[in-house]
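Just below is one structure, and these are the notes that go with it.
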Amino acid sequence: MTNYEKAITLWQQKQIATDAELAEALNSHSILFSYHSGKIENDNVTYHDTREIFEHDGVTSYTGDLRTLFEIRNSKDAYEFFLTAFHNKRVLDETFVKELQCLLTQNTYDTRRWQLGERPGEYKHHDFVTGRNEIGAAPEDVQEELSELLSELEGISERNALTAAAYFHAKFENIHPFADGNGRTGRLAMNYFLVMHNHPPITIHEEDRKEYYGALEAWDSKQDLNVFRAFLVKQTEKTWEKQIARYNTSFSSQ
């Protein structure tokens, strides 16, 4: 059994059915996920500040910029939304995605975006460079393309959850439906899809961002999903390595 398969087995053995059980299973992973997801695009995010906000709903002796503080606080709100949505077994649809993005980006849009009429929770009204001079889908095509993508996720079995999640995230970032917060929204929405399909959520670690962007680029340039799927397998193993190590130790002692 590979480490990835062990991570799947350990997660499914928990038989998570409620938001309380999900919160217990995630435990400190919620903080780590929010830290790494925020840090990928904002180097000012720190683990200390993220933990302080998640555990105490505030920070002490904070000297950073206000936008970063809002981003971290928003990530906590988004995590609570994540749990509540799981409890209510909400479908990953356009309304869900818009609400999630709105929570993650409240009070963080810069002056330029605001003056252009961009708002949290709304699809973009203008083109924005997404990397390597790409701008994603044209604003007038976003709703149709995202709706089509979400409809493709319907009826996916647990067995194909990771492949479908990889496809969703790669295509979501390719569409780039919002003026800001696409990465954070895409990563958290992907994890929601995974837990709804009895698969452990994945932390994409900030120190692996170069490989992460390279794997997404493989989809953008060649529509090759294998590179990104393989990356997610490795990140799953890394996310749950402590649990896997305990499993290995327990198994070897039997």
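Please pick out the residue among Gly121, Gly117, Gly155 that is within 30 Å of Thr9 (Cα to Cα) and outside any helix (DSSP H, G or I).
Gly155
Testing Gly136 on (1) closer than 27 Å to Lys98 by Cα; (2) surrounded by 18 or more Cβ atoms within 10 Å (Cβ to Cβ); (3) modelled with pLDDT of 95 or more, one condition comes back false. Which one is that?
Exception for Gly136: condition (3).
Which of the residues spanning the range 195-228 are among the aromatic types (Phe, Trp, Tyr) and either touching a strand residue (DSSP E or B) at 6+ places or on another chain (Cβ under 8 Å) or assigned to a loop (DSSP other than H, G, I, E, B) (or both)?
Tyr213
For the range 139-175, what are the residues that are of a type in the set (Phe, Trp, Tyr) and either over 25 Å from Lys89 (Cβ atoms) or surrounded by fewer than 22 Cβ atoms within 10 Å (Cβ to Cβ) (or both)?
Matches in the range 139-175: Tyr167, Phe168.
Residue by residue through the range 84-99, note down the ones that are touching a residue at least 40 places away in the same chain (Cβ under 8 Å) and surrounded by fewer than 18 Cβ atoms within 10 Å (Cβ to Cβ).
Thr84, His87, Lys89, Asp93, Glu94, Phe96, listed by residue number.
Just give me the residues in the range 55-72 being surrounded by fewer than 19 Cβ atoms within 10 Å (Cβ to Cβ) and not acidic (Asp, Glu), in sequence order.
Residues satisfying the conditions are His56, Gly58, Val59, Thr60, Ser61, Tyr62, Thr63, Gly64, Leu66, Arg67, Thr68, Phe70.
Given the condition more than 28 Å from Asn107 (Cβ to Cβ) and of a type in the set (Val, Ile, Thr), answer yes or no: does some residue in the range 157-179 qualify?
Yes, the range 157-179 contains a residue that is more than 28 Å from Asn107 (Cβ to Cβ) and of a type in the set (Val, Ile, Thr).
Restricting attention to the range 1-28, which residues are buried (at least 16 other Cβ atoms within 10 Å of the Cβ), of a type outside the set (Gly, Ala, Ser) and under 15 Å from Phe82 (Cβ atoms)?
Selection gives Ile16, Asp19, Leu22, Leu26.
Please tell me if Phe178 is assigned to a loop (DSSP other than H, G, I, E, B), in contact (Cβ under 8 Å) with a residue 40 or more places away in the chain and buried (at least 22 other Cβ atoms within 10 Å of the Cβ). Can you show your working first?
Values: assigned to a loop (DSSP other than H, G, I, E, B): yes; in contact (Cβ under 8 Å) with a residue 40 or more places away in the chain: yes; buried (at least 22 other Cβ atoms within 10 Å of the Cβ): yes.
It is true that Phe178 is assigned to a loop (DSSP other than H, G, I, E, B), in contact (Cβ under 8 Å) with a residue 40 or more places away in the chain and buried (at least 22 other Cβ atoms within 10 Å of the Cβ).
In the range 32-54, is there at least one residue being of a type in the set (Phe, Trp, Tyr), surrounded by fewer than 18 Cβ atoms within 10 Å (Cβ to Cβ) and over 20 Å from Arg184 (Cα atoms)?
Scanning the range 32-54 turns up no residue that is of a type in the set (Phe, Trp, Tyr), surrounded by fewer than 18 Cβ atoms within 10 Å (Cβ to Cβ) and over 20 Å from Arg184 (Cα atoms).
Residues to consider are Asp77, Asp19; find the one that is within 30 Å of Leu150 (Cβ to Cβ), in contact (Cβ under 8 Å) with a residue 60 or more places away in the chain and of a type in the set (Asp, Glu).
Asp19
Could you check Phe231 against (1) under 17 Å from the mean Cα position of the chain (by Cα); (2) outside any loop (DSSP other than H, G, I, E, B); (3) of a type outside the set (Ser, Thr, Tyr); (4) surrounded by fewer than 20 Cβ atoms within 10 Å (Cβ to Cβ) and say which number it fails?
(4)
Looking at (1) in a helix (DSSP H, G or I); (2) of a type outside the set (Phe, Trp, Tyr); (3) more than 13 Å from the chain's Cα centre (by Cα); (4) more than 22 Å from Gln15 (Cα to Cα), find the lone condition where Arg246 falls short.
The single condition Arg246 does not satisfy is (4).
What tally of residues in the range 2-43 results from selecting those that are acidic (Asp, Glu) and within 21 Å of Asn88 (Cα to Cα)?
So the answer is 3.
I'd like the full set of residues that are touching a Lys or Arg at 6+ places or on another chain (Cβ under 9 Å) and of a type outside the set (Ser, Thr, Tyr), limited to the range 37-54.
Gly38, Lys39, Ile40, Glu41, Asn42, Asn44, Val45, Ile53, Phe54
The values are calculated or read from the model by the stated rules, or taken from the named source; none is laboratory data. From a predicted model like this one, the values you see are computed outputs, not experimental measurements. Heads up, the Cβs are rebuilt from the backbone with ideal geometry, glycines too, and the neighbour counts pull from every protein chain shown.
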